[in-house]
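These notes are about the structure you will find just below.
Please treat every number below as a calculation from the coordinates, not as lab data. Owing to the predicted nature of the structure, the values given are computational and were not obtained by experimental measurement. Here the Cβ is made from the backbone with ideal geometry for all residues, glycine too, and neighbour counts use every protein chain on show.
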Amino acid sequence: MTWLGDSQTILSCGFSKLSEREYAVWDARNFVTPLIKRRLDDYSGVPFTYFDEENRVVFVAGKGESAISFFQYNSESVNLIDYLGSFKGKEPQKGFSFMPKKVCNLM
């Protein structure tokens, strides 16, 4: 699960009854039914998520996969989560983490 910033919503990623990866966006004040529930992608690994609040981008990666998918969170959109693209590497990933932007020296 990932908290989607100051929007009072939470993103959960997991598997459907058909073993397809899916995501759901929940209102933090009402967990009875999700605001939206959709199929995520074709990969089979357990999804790890990270939300960049500044750019409103959700990153999804799975251990043993070679791809990282990017999604834009927009509370005004009908879908709430829109697919942006993906990065496909040659090696499978062993983990997934981020460094705070303030410690990265871009120069």
Among the residues of segment 22-35, write down those that are over 17 Å from LEU84 (Cβ atoms) and surrounded by 13 or more Cβ atoms within 10 Å (Cβ to Cβ). GLU22, ALA24, TRP26, ASP27, PRO34, LEU35
So how many residues does segment 34-54 have that are of a type in the set (Ser, Thr, Tyr) and over 22 Å from ASP6 (Cβ atoms)? 2
Of the conditions (1) touching a strand residue (DSSP E or B) at 6+ places or on another chain (Cβ under 6 Å); (2) outside any strand (DSSP E or B), VAL58 clears all except one; give me its number. (2)
Within segment 38-82, residues closer than 15 Å to ALA24 by Cβ and among the charged types (D, E, K, R) come out as ARG38, ARG39, ASP41
For segment 7-46, which positions are of a type in the set (Phe, Trp, Tyr) and part of a loop (DSSP other than H, G, I, E, B)? PHE31, TYR43
When you go through SER44, SER16 one by one, which is the residue that is of a type in the set (Gly, Ala, Ser) and in contact with a strand residue (DSSP E or B) (Cβ under 6 Å, 6 or more places away or on another chain)? SER16
Under 7 Å between Cβ atoms, which residue pairs at least 6 apart in sequence (or on different chains) link something in segment 31-48 that is of a type in the set (Lys, Arg) with a partner that is part of a loop (DSSP other than H, G, I, E, B)? ARG39/GLU20
Here are the criteria: (1) surrounded by 15 or more Cβ atoms within 10 Å (Cβ to Cβ); (2) closer than 22 Å to GLY95 by Cβ. Tell me which single one VAL46 does not satisfy. (1)
Taking segment 50-65 and keeping residues within 16 Å of LEU40 (Cα to Cα) and out of contact with any helix residue (DSSP H, G or I) (no Cβ under 9 Å at 6 or more places or on another chain) leaves TYR50, VAL57, VAL58, PHE59, VAL60, ALA61, GLY62, LYS63, GLU65
Considering only segment 2-20, I want to know if a residue exists there that is touching a residue at least 12 places away in the same chain (Cβ under 8 Å), farther than 20 Å from VAL78 by Cα, surrounded by 16 or more Cβ atoms within 10 Å (Cβ to Cβ) and not aliphatic (A, V, I, L, M). no
Could you check how many residues of segment 66-94 are part of a loop (DSSP other than H, G, I, E, B) and either in contact (Cβ under 8 Å) with a residue 40 or more places away in the chain or touching a helix residue (DSSP H, G or I) at 6+ places or on another chain (Cβ under 9 Å) (or both)? 3
